[in-house]
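Here the structure comes first, spelled out in structure tokens, and everything after it is commentary.
The values are calculated or read from the model by the stated rules, or taken from the named source; none is laboratory data. Quick caveat: nothing in here was measured; it's all calculated off a predicted structure. Here the Cβ positions follow ideal geometry from the backbone for every residue, glycine too, while neighbour counts run over all protein chains shown. These accessible areas exclude ligands, DNA and RNA; they are computed on the full protein's heavy atoms, side chains included. Shrake-Rupley method; radii C 1.70, N 1.55, O 1.52, S 1.80 Å.
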Amino acid sequence: MRALEKKIYDYLEAHREDIVADLVALARAESPTGDKAVADACARRLASLYKDRLGAATQFVPQTEVGDHLVTEIGSGPRTLLIVGHYDTVHPLGTVPVRREGNILYGPGVVDMKGDDVSVIWALKALRELGVKLDKKVLIVNNSDEETGSFHSRPLLLEKAKEACACIVAEPTVAKSGLIKVSRKGGGQILIKCWGKAAHSGNDPRGGVNANIELAHQILFAESQSDYGPGGSTFSANVIRGGTADNVVCDYAEAVVDWRMCVPEEVERGRAVFAGRGAVLPGARVEFEIKLSHPPLAECEANRKLFALLQQVGADLDMELEAAPMVGGCSDGNDISAAGVPTIDGMGVVGDFMHNPQEQVYLDQLVPRVAMMASFISRV
């Protein structure tokens, strides 16, 4: 282990239980995306950690529908390193208790991604306490709506990205394996809206046009466009609604199709697939509302250079770091990388069961990952 990395590691190991305690406190400050009041309380708790651990003042960016976003600056210099994290979680309030069993800490957001938010704080604290001078300003943005697509926070993220030389998206690693997420699929939604004609299903079943049947045709068409090979797109109808009563021919039905794409070129191809698509049943009408949530985080030379630097950091910590194949979930890194900022994603804590009541983080891998974060921040 290289000398500086050994000092960082030893400092963090000495404060391991303090790190865990901060994570427990932040996890207990529950923050489901849709509950602004409790999310704001969590935001204040996170801001207090920046103040208590780093002496940093946090700017609150007020929101009306979701929790307030946080912007925190550490240090100064001619360059700016952007670090992005979110503090919202998917778990309804009071449904996932925080508990520790041996090497595993369970709780809402412990891996996605409050463990990562705490990791960033302690990585910066280790550098400060050890006298490691940063040659840059570190700008940290914690948003409150990542789990629902970052629609409220995206303008803020992209505005702050304009001044960044690089970006760390401190999302967790690939579950269990600890692999780094160097590329992600993009994502969007296609709302299929079908109109038919209502009729009495007993007296005049052929007098109506069943929108449910039209929707079934369109769902099968959408699914048929999926390409599961490298570089392809997939379409999956996961939410379906239609009909008002069992004795009425359905006159309106809709489905939400989850759309994932691997490369930027697939965005326009996906739009084109549905642009000229019409109804199948005589007398029916169909519309497609297409929304791109995140472009793909595709591999590029700038991002590969960041990962190469991270691998060197790993080597200096006696850690062998590997890149994961493209992952299916999106993050704010998709948009920041697409804006032209060199980005590395998914280099946070190691755990499992994201978005699941058994969400957990592995405590024996906490110190190595925080040490990796600290060393990487000092070198970018």
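Can you give the local net charge around E359? Use residues other than it whose beta-carbon is closer than 12 angstrom to its beta-carbon, Lys and Arg +1, Asp and Glu -1.
0
Based on protein heavy atoms only, the chain ends up with 41 Å² per residue of surface accessible to a 1.4 Å probe.
Ordered from longest to shortest, the equivalent ellipsoid semi-axes for the chain are 44, 22, 18 Å, each the square root of 5 times a Cα gyration tensor eigenvalue.
Taking DSSP loops as anything outside H, G, I, E and B, show the longest stretch in the chain free of trypsin sites (Lys or Arg not before Pro) there with at most 13 other beta carbons within 10 Å. Intermediate values should be presented prior to the final figure.
Numbers: sites that count: K133, K162, K176.
The longest such stretch corresponds to 177-380.
In the chain, a dipole from Cβ-located charges (positive for Lys and Arg, negative for Asp and Glu) runs towards its positive end, and of V273, V367, G314 it is G314 whose Cα lies farthest in that direction.
Would you calculate the convex hull of the Cα atoms in segment 128-238 and tell me its volume per residue in Å³?
On the way: hull volume 23.8 nm³, N = 111.
So the per-residue hull volume is 214 Å³.
Exceedance of the 26 Å cut-off in Cα-Cα distance is limited, within the set K181/K305; K160/K185; K137/K291, to K137/K291. Just the protein heavy atoms count here, and of the accessible area of segment 84-242 at 1.4 Å, carbon and sulfur take up 53 percent. Applying the Karplus relation 6.51 cos²θ - 1.76 cosθ + 1.60 with θ = phi - 60° to segment 126-134 yields 3J(HN,Hα) values of 4, 4, 5, 5, 8, x, 7, 7, 8 Hz, where x marks Gly and Pro. Round to the nearest 10 and give me the degree value, 0 to 90, for the angle of helix 366-379's Cα axis relative to the longest principal axis of the chain. Approximately 80 degrees, to the nearest ten. The mean of 1/r over all distinct Cα pairs in segment 187-343, once inverted, gives the Kirkwood hydrodynamic radius of 18.2 Å.
The aspartates and glutamates whose alpha-carbon is closer than 18 Å to the alpha-carbon of K36, local same-chain residues fewer than 8 away aside, are E65, D68, D88, D145, E146, E147. Report the calculated FRET efficiency for K6 and E265 (r = Cβ-Cβ distance, R0 = 45 Å), to the nearest 0.05. Efficiency computed from Cβ-Cβ geometry: 0.45.
Annotation: amide H of T343 within the under-5 Å range of C167, N303, sequence separation 5 or more or interchain, hydrogens built in the peptide plane.
Relative to the compact-globule estimate of 2.2 N^0.38 Å, the Cα radius of gyration of segment 1-124 comes out at 1.12. Ordering 334-345, 210-221 by mean Cβ neighbour count within 10 Å, with the highest value first, yields 334-345, 210-221.
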